[in-house]
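First up is the structure itself, then whatever we jot down about it.
Computed from the coordinates by the stated procedures, all read-outs in this text should not be read as laboratory data. Keep in mind that this is a model prediction, so the values were computed, not measured. Here Cβ is always computed from backbone atoms with ideal geometry, including for glycine, and neighbour counts include all displayed protein chains.
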Amino acid sequence: MTRVTAGRVGKPHGLDGSFYVEGARHELAEGTSLTVSGATHVIARRAGTDERPLIRLDGVEDPRTLRGEVLLVEDELGEGEWLAEDLVGLRVPGMGTVARVVDSPSCSLLELDDGTLIPFVEDAVSEVDTEAREIRVNRDFLA
């Protein structure tokens with residue numbers, strides 16, 4: 001098990017510390033432990049929809065201070081999934097090295113050391129080979 005992104009702290013709702021989760025990528029059931037800003041909290045309340053969950057975390061009185069922070073949950077990585085930290089430092093032949101992975105509204109982006117952004121989608125990335133420390137991209141898609 002490893003910690004993976006479950007979404008981001010979104011807009012507060014009501015006065016009880018509840019907030020919407022932006023970009024939800026996990027079920028987020030009541031009783032689930034989440035890590036946000038280095039602290040672990042348990043989901044005390046779950047409402048809303050699967051696309052736009054509304055949650056309240058034990059110990060979080062004012063979610064406005066956490067707005068935009070990544071919510072992490074323990075989960076298994078699936079086939080074709082990588083942690084951002086596993087991609088940083090990999091070479092993109094003829095283009096550079098991955099400096100960081102940026103979470104954008106539509107997809108993750110690989111930011112190369114020269115500032116070039118590559119969408120981390122199947123059409124743009126043809127292969128990730130962590131053993132060879134290399135990511136191959138479809139240059140025709142990027143043009």
Practice prompt. Report the charge-dipole magnitude of the range 2-75 in Debye, nearest 20, computed about the Cα centre from +1 at each Lys and Arg Cβ and -1 at each Asp and Glu Cβ.
Written response: 220 debye
Discussion item. At 0.36 nm per residue, and after removing the present C-alpha to C-alpha distance, how many nm does the segment from Leu142 to Thr116 gain when stretched out fully?
Written reply: 8.3 nm
Practice prompt. Please work out how much length the chain gains when fully extended from Thr40 to Leu15, using 0.36 nm per residue of separation minus the C-alpha to C-alpha distance, in nm with one decimal.
Written response: 6.9 nm
Worksheet item: Between the range 33-80 and the range 97-139, how many Å separate their Cα centres?
Response: 26 Å
Response to the item:
For the range 2-75, using Cα atoms only, the Rg and Dmax in Å read 10.5, 33
Discussion item. Assuming 0.36 nm per residue, please report the length gained on full extension of the stretch Arg64 to Thr130 beyond their Cα-Cα distance.
Written reply: 20.0 nm
Worksheet item: Rounded, prolate or oblate: which one fits the range 84-142, using the alpha carbon gyration tensor with axes a ≥ b ≥ c (rounded when a/c is under 1.5, else prolate when a/b beats b/c, else oblate)?
Response: rounded
Item to complete: Please label the shape of the chain as rounded, prolate or oblate, based on the square roots a ≥ b ≥ c of the eigenvalues of the alpha-carbon gyration tensor (a/c under 1.5 means rounded; beyond that, a/b larger than b/c means prolate, else oblate).
Response: prolate
Worksheet item: Over the chain, what is the mean sequence separation of C-alpha contacts under 8 Å (at least six apart), divided by residue count, expressed as relative contact order in percent?
Response: 19 percent
